[in-house]
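The values are calculated or read from the model by the stated rules, or taken from the named source; none is laboratory data. Everything quoted here is computed from the prediction, not taken from an experiment. Note: ideal-geometry Cβ built from the backbone for every residue, glycine included; neighbour counts use all protein chains shown. Side chains included, ligands, DNA and RNA excluded: accessible areas come from the protein's heavy atoms. Shrake-Rupley method; radii C 1.70, N 1.55, O 1.52, S 1.80 Å.
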Amino acid sequence: MPAPPDLRALLDAFFAPPPGLRPAELLRVAAELRARSSGALTTAAMLDHRRPVEGGAWCPRLFGPLQPLRCGCGRLVGREHRGETCDRCHVLCTDEPLRDRRVAHLDVPFGLVHPALAPRIAALLGLERDQLRAVLLGEAVFLADGRLVAQDDPDVDWNDDMPYETGVRAVRRRLAAVVDRELAAAGLSPADLVLTSVPVPPPGERPLHHESHPHEDRWFRALWSERVGRDNEAIAALTVRAIRGARLVELDAPTIVLDRECVAAQRAFEAALDLLARPPGDPARAPGPLWGWRPAPLQEDDDEDHVPGALYRFHLAGAPAVSDAHDRDVHHRAPHRPEVPRACVLADGDRALVQLAYLMLLVHWPTGHVLWTMPATEARLLGARGDWALFGDEYGRQLDDDDPELLRGLYALDLTSGTWLEGPYPDDLPAIFVEKSEPEDAWLTDWRGQRAAPGDADCSGDRPDEWARSPDHRYLWMSSSPDDGAIVDTERGLAVLMLSHMREPAGADVPTVALTGPERDEDGELDDQRGAGVAIARSRGEWRTLLPDGRLRRDGRVALVFTGGAIECAAFDATGDRLLLVNRDALHVVDVARGLPLVRLDLRPLAPALALPASLPRELADLVLAHHGTLAAALAEPDALLQERVGLDDAQLADLRAEPAPPVPALLRTCS
């Protein structure tokens, strides 16, 4: 429902004033809207899990109830409570369309300049309009002698003690010293030309946008059916600056900090005016498109000539660094169990690649035969495609500063030969992963140089990180923790499944599969656990997700529950029909469709092959494992290499040589 005619006229006069509107009339309109305000915004947040935030631009207390004859908390419902205000949520219970009539306001103690008032302000101060705008944006300053100069004027001897003024606060102080007869006749002063209150239109003038997605699953529709438009985003951006600036004024912040905040607020005000001056149904006020990657923001040391979407002709850097054992609390000498599993993947040809703290092993899981072992790396196992396994550094890829065609942070391992790729990146390999410059900042990046930003827009939370990915590398589990967040579609750069929706408990008839291995403690944690125990797959239009609670869900409903041993890492195969589960004692492969265990390989026979003599100091033992993976591999090296690379002295080398080299055994196989 549109706003009443009188309110509509006031909103049009403020946000889109006609050319002939005089300053006194515009100030009268601003005062009238301030008098009609039902309260001030106190937060920039609008919606929290699709519910309006109190004090925000969609607050029911300020703008009226969301549903007729129902307060915000549901305490007052029905006609018998019409006209009453709930003493709990302070929302009026009424059936009147208040959300189309009520306005709010935003207090800006340092002031803002309306573009329609800029000509009169410039005339009173004896400035040109371009000069006034330069002052408002901090590009020009007033010196102590009254001169107006550019911020970077080379003719001025700038020093830390030189006094100057800039921004809207300088304009407001100078307006207080001049006289305007027209404003005086209306009971106003020239300082009133700087607004300290900005009206906020009713929610009916800036509605949520409902979009239908008939070809998506119900999780996607629930997440993206209602979206905030660009007009609401502009109001939120201005609210952030206003609240922050008011707090800085209270704290008596340094002048340079206040000036920069005033400049940012003025820019946000002008951007909001530009959108709100358009009619409510204008496409410019609607949300941005959901489809496609957004242009890559240039970061430091980025190639400015690269066009996003064009293939980089780069070479991979070869083998990543070996595992840094000094920061890991692992029991590498424990004879009763192998190392801590970090990641795993099911590759083509019935092969399972398991990444331990110091060792990687490729196992033919139907027979339990260990195809090869090699030292582990610091790079994280991302997934597999054909005969290649992909690894990525924690902070994503980086082009080498000296050689722009050399890509560091992404690695490809040939599963057939156990060698690292050194050369051009194959076009058929996926390479979408998370790139991070700060803990709070992350992007979805692919090897074509494109980026999409996970964060608030896709509900992956603060400090997002990758916890799992689908076998086809299209979907990533993005979150700040392994039990929450969202699954992001990397082809479109947006969330398609919210994990918070998957809270339904398992029914009584849900089958269970018992695992072997160490159990979690009372807090649900596993001592010195490194893996997340999560996995995702999209198989024939059906979501299959394994959460850390040991429940396998198919389209949100629990289909299988794993009991007994804990799960430290997991992965689906390329079809999504088989699930690989690994902990320190065993490797399990489960048929997802039938809920049956196919095989269980006992990993405990690996422990003797990974044990080192107790006489070897832990630091040196860590280096032996990091560089060679097993004692057998270390003993195969010449003495000179061990002394140079690991740093062994003659006595330590003699103790190492005296230890028999146990072979890596075939793993014990159970189940059928």
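Of all residues in the stretch 142-156, those satisfying the criterion of being of a type outside the set (D, E, K, R) and without any contact (Cβ under 8 Å) to a residue 12 or more places away in the chain are 146, 149, 154.
Could you say whether any residue in the stretch 507-529 is in contact with a helix residue (DSSP H, G or I) (Cβ under 9 Å, 6 or more places away or on another chain), open to solvent by 10 Å² or more (accessible area, probe 1.4 Å) and either at pLDDT below 85 or not in a strand (DSSP E or B) (or both)? Within the stretch 507-529 (the criterion being in contact with a helix residue (DSSP H, G or I) (Cβ under 9 Å, 6 or more places away or on another chain), open to solvent by 10 Å² or more (accessible area, probe 1.4 Å) and either at pLDDT below 85 or not in a strand (DSSP E or B) (or both)), the answer is no, since none of the residues qualifies.
Within the stretch 396-433, the set of residues being touching a Gly at 6+ places or on another chain (Cβ under 6 Å) and open to solvent by 30 Å² or more (accessible area, probe 1.4 Å) comprises 398, 420, 422.
Looking only at residues of the stretch 126-146 that are in a loop (DSSP other than H, G, I, E, B) and out of contact with any strand residue (DSSP E or B) (no Cβ under 9 Å at 6 or more places or on another chain), we find that the one that is farthest from residue 112 (Cα to Cα) is 145.
Residues of the stretch 29-45 being of a type in the set (Gly, Ala, Ser) and under 12 Å from residue 107 (Cα atoms), which ones? Within the stretch 29-45, 37, 39, 40 meet the criteria. Pairs linking a residue in the stretch 536-561 that is at negative phi and surrounded by 18 or more Cβ atoms within 10 Å (Cβ to Cβ) to a residue that is part of a strand (DSSP E or B) and of a type in the set (S, T, N, Q), with Cβ atoms under 7 Å and 6 or more positions apart or on different chains, are 536/545; 553/545.
Listed by first and then second residue, the pairs with beta-carbon distance under 6 Å, at least 6 apart or on different chains, first residue in the stretch 6-24 and under 14 Å from residue 273 (Cα atoms), second open to solvent by less than 60 Å² (accessible area, probe 1.4 Å) and assigned to a loop (DSSP other than H, G, I, E, B), are 11/201; 15/277; 16/277.
Just one of (1) aliphatic (A, V, I, L, M); (2) touching a residue at least 24 places away in the same chain (Cβ under 8 Å); (3) in a strand (DSSP E or B) fails for residue 431. It is (3). Sub-6 Å Cβ pairs linking a first residue in the stretch 629-658 that is open to solvent by 40 Å² or more (accessible area, probe 1.4 Å) to a second residue that is hydroxyl-bearing (Ser, Thr, Tyr) and outside any helix (DSSP H, G or I), at least 6 apart or interchain, are 655/615, ordered by first then second residue.
Note on the stretch 54-76: residues that are closer than 23 Å to residue 243 by Cα, open to solvent by 30 Å² or more (accessible area, probe 1.4 Å) and of a type outside the set (D, E, K, R) amount to 0. Of the residues that make up the stretch 64-75, is at least one assigned to a strand (DSSP E or B) and over 24 Å from residue 264 (Cβ atoms)? Looking for residues that are assigned to a strand (DSSP E or B) and over 24 Å from residue 264 (Cβ atoms), one finds at least one in the stretch 64-75, hence yes. Taken over the stretch 611-628, the residue count meeting the criterion of being open to solvent by less than 10 Å² (accessible area, probe 1.4 Å) and within 24 Å of residue 320 (Cα to Cα) is 5.
The single condition from (1) surrounded by fewer than 20 Cβ atoms within 10 Å (Cβ to Cβ); (2) within 37 Å of the chain's Cα centre (by Cα) that residue 130 fails is (2).
Could you pull out the residue among 36, 99 that is touching a residue at least 24 places away in the same chain (Cβ under 8 Å) and in contact with a strand residue (DSSP E or B) (Cβ under 6 Å, 6 or more places away or on another chain)? Being touching a residue at least 24 places away in the same chain (Cβ under 8 Å) and in contact with a strand residue (DSSP E or B) (Cβ under 6 Å, 6 or more places away or on another chain) holds for just one of 36, 99, which is 36.
Just one of the listed residues (275, 290, 311) is surrounded by fewer than 14 Cβ atoms within 10 Å (Cβ to Cβ), out of contact with any His (no Cβ under 8 Å at 6 or more places or on another chain) and either under 22 Å from residue 199 (Cβ atoms) or modelled with pLDDT under 90 (or both), namely 311. Residue 153 - would you say it is over 36 Å from the mean Cα position of the chain (by Cα) and closer than 25 Å to residue 261 by Cα? Judged against the criteria, residue 153 is a match. Residue count for the stretch 159-209 under the criterion of being open to solvent by 20 Å² or more (accessible area, probe 1.4 Å) and either in contact (Cβ under 8 Å) with a residue 40 or more places away in the chain or farther than 30 Å from residue 52 by Cβ (or both): the result is 30.
Kindly indicate whether residue 482 is surrounded by 24 or more Cβ atoms within 10 Å (Cβ to Cβ) and modelled with pLDDT of 70 or more. So residue 482 does not fit the description; no.
Every residue, every condition in (1) within 24 Å of residue 574 (Cα to Cα); (2) among the charged types (D, E, K, R), yes or no:
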| residue | (1), (2) |
| --- | --- |
| 589 | yes, no |
| 593 | yes, no |
| 613 | no, no |
| 657 | no, yes |
| 670 | yes, no |
